[in-house]
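One structure is given below, encoded as structure tokens.
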Amino acid sequence: MEQKGIRELKANDKGECNLTRNGGFSLKKMSISPPYSPELQNHLIGKHLLAFEIPFSQELLAEHIKNGYVSETCGVQSGNGGYRCVRCGNKDQTLFYTFPCKICNQDCTYCRSCIMMGRVSECAKLYRWTGPGIQFKIPDNVLRWAVTLSAGQQNASDCVVEAINGKDEFLVWAVCGAGKTEILFPAIEAALHAGKRICLATPRTDVVLELSPRLKKLFLALESRPSMPGVKIAMVFRH
């Protein structure tokens with residue numbers, strides 16, 4: 001008896017495919033995910049961004065929203081008698097202000113807690129990547145550092161690493177010049193190997209300008225691997 005082979009592979013508008021044999025009966029159904037932009041993925045992943053912060057066309061963004069790769073939500077939401085900022089998580093009602101908005105032509109509330117990052121209001125949309133995650137491997141020698149810490153610095157550094165591994169909070173309190181920055185490097189390395197993202201925040205622009213080249217030199221393995229999208233050292237500051 002002659003074995004019948006697969007005759008057709010047809011996809012419907014939902015991306016589902018039916019494999020049929022000669023004779024017309026369905027053999028298998030599988031789902032084919034639509035393609036997505038790795039550049040848009042890299043720009044949005046792990047963030048809530050306003051439209052003006054996304055340097056891609058509205059058509060591309062709309063396509064990714066339709067395919068479920070990007071979510072769109074109101075920046076400030078109300079409920080239970082109060083407001084909440086989706087971007088910064090602020091729930092302090094004294095840090096919200098209602099004003100006559102020319103965009104939505106009605107009274108609109110915005111968050112004053114994160115106003116320095118651009119105004120987020122009830123009618124402002126925030127976009128976030130909800131599609132596939134970025135897969136990358138952190139090299140074993142990600143930290144290139146040959147400095148020996150003092151006993152006190154090493155103890156503090158070990159405590160910070162322990163806090164990173166345990167997802168705890170930890171405060172290092174020391175005078176200027178005590179080496180607080182240096183004790184962070186092993187903790188940053190531990191966080192990278194754990195697949196975490198690291199944010200170093202400082203209120204001083206001069207510290208950002210001084211620290212950025214040091215980090216890029218110490219973690220050169222990240223900066224020099226083009227095959228690792230999404231792994232980069234970025235310097236951001238506002239006047």
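The values are calculated or read from the model by the stated rules, or taken from the named source; none is laboratory data. Small disclaimer: the values here were computed from a predicted structure and weren't measured. So basically every Cβ, Gly included, is an ideal-geometry build from the backbone, and we count neighbours across all protein chains shown.
Run Ser113 past the list (1) surrounded by fewer than 16 Cβ atoms within 10 Å (Cβ to Cβ); (2) touching a strand residue (DSSP E or B) at 6+ places or on another chain (Cβ under 8 Å); (3) farther than 30 Å from Tyr36 by Cβ and report the number of the one that doesn't hold.
Single failed check for Ser113: (1).
Go through segment 128-143 and give me each residue that's touching a helix residue (DSSP H, G or I) at 6+ places or on another chain (Cβ under 6 Å) and in a strand (DSSP E or B).
Trp129
Show the residue pairs meeting these rules: Cβ distance below 7 Å; 6+ apart or different chains; first residue within segment 185-197 and of a type outside the set (A, V, I, L, M, F, W, C); second residue part of a helix (DSSP H, G or I).
Pro186/Ser157; Pro186/Val161
Among the residues of segment 145-155, are any over 30 Å from Ser37 (Cα atoms), in contact (Cβ under 8 Å) with a residue 40 or more places away in the chain and either outside the structural domain of Leu95 (by TED's automatic domain parsing) or out of contact with any Asp or Glu (no Cβ under 9 Å at 6 or more places or on another chain) (or both)?
yes
Need at least 3 residues that are modelled with pLDDT under 95 and of a type in the set (A, V, I, L, M, F, W, C) per element, so show me which strands (runs of 3 or more DSSP E) inside segment 1-119 make the cut, counting only ones lying wholly within it.
In segment 1-119, 6-11 are the strands (runs of 3 or more DSSP E) which contain 3 or more residues that are modelled with pLDDT under 95 and of a type in the set (A, V, I, L, M, F, W, C).
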